[in-house]
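The values are calculated or read from the model by the stated rules, or taken from the named source; none is laboratory data. Please read all numbers here as calculations on a predicted model, not as lab measurements. Accessible surface is based on the protein model in full, side chains and every heavy atom, while ligands, DNA and RNA are left aside. Shrake-Rupley method; radii C 1.70, N 1.55, O 1.52, S 1.80 Å.
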Amino acid sequence: MAAAAEGAGSGAGGGSGAGAAAEEPVVSLAEVLAENEELEKEARAVLGGSDHERCSYAQGAVKRQALYACSYECHGSHRLFELYTKRNFRCDCGNSKFKNLQCKLLPEKGKVNSGNKYNDNFYGLYCTCKRPYPDPDDEIPDEMIQCIVCEDWFHGRHLGAIPPESGDFHEMVCQACMNHCHFLWAYAPQLAVPALTKATSLEDEGIVLNVEESEEQKKEIKKESGAEHQEVKEEEKQTEQFNEPSTSSGSACPEIVNKSEEPACKLKELQSKQFLKKDTATFWPSNWRSKLCTCADCLKMYSELEVPFLTDEYDTVLAYENKGTSDQETDRRDPLMDTLNSMNRVQQVELICEYNDLKTELTDYLRRFADEGTVVKREDIQHFFEEFQSRKRRRTNRMQYYCS
């Protein structure tokens, strides 16, 4: 946040004089405001669920949070590593991991949080290359992508496949986690976003083409074959009913209904088909988790692999960011209205009059530049406010003179 704000400030107010103005690109006020709004929006998304006045320690292992949220209050003189968000983590600030440091927001804490899990990110290292980010020795521009399982960050070029365009996928599972969660390979042909993998042979190229070209055809074939298969099964059931001797007048129909209502395992159905395993990361669309099987056997498997969060739609970073943005928009208050509410009636009227005067005079002042087609410089704005303050003092002095 500090670096981003500082960069925006230097761009908006950089340079004075005609020479500096000629060298620097001209940026309109609307563009500056739009950029600032975008930065604020990103900050609200990440920090929206955090409270800079209260430590999250009392909440236990928070489902998902920005780990450096309390750093602004507690670690001002320490080096920080931006971890973005992590799941099921309890605040460590001020415990035994920090020598001679006490949390200013909540001093009473346990010495350790045994439930926390730490990876190389906590030491400022990322990806399989175990390098810092930003890396002063890496001159290759590359996007860092977070794995939704291990929550480590990876360079796009270190994923074993070329990532799709950023807008085409919402989540990524790294190579190591795909090996750990091997069942995901059965879902990949239907759900995953194809990576921009370079074909190394005619066989590989054929596999890629088949996946891309037959996707819609597979859906239609699946519907038709499914309908035909269902009709055959119904005929077989009816034949069995007629051929088998009846032992109870009302037991046959309920048994058939119960059997048809038994949930089938999606994973077993997919695993019965051919699918390709690769030593690469995979990329997934926004709603893919809802299509994972939730039968009893699969839920048990998720628990054993320590990935039960995969079926939780609120575990996603997107859900966290949307909630943060929504909460911030709800809690955001108009500073002007807060100021007005703290004043008495006379002060409110005076402030509103001053605001209207400023708005009117500034609009008239800027309109001259618009009519002449000239650029508004920093000196012009400074000159306006100096003149405005001067006129305000003259008005105040006249009021005092007549009142004395």
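Overview of results
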quantity: Which of 187, 365 is most accessible, then next, and so on - probe 1.4 Å; calculated: 365, 187
quantity: Span from the the stretch 361-391 Cα centroid across to the the stretch 127-183 one, whole angstrom; calculated: 49
quantity: Heavy-atom SASA rank of 151, 306 (probe 1.4 Å, accessible area, largest first); calculated: 306, 151
quantity: Overall form of the stretch 103-198 per C-alpha gyration tensor (a/c, 1.5; a/b vs b/c); calculated: oblate
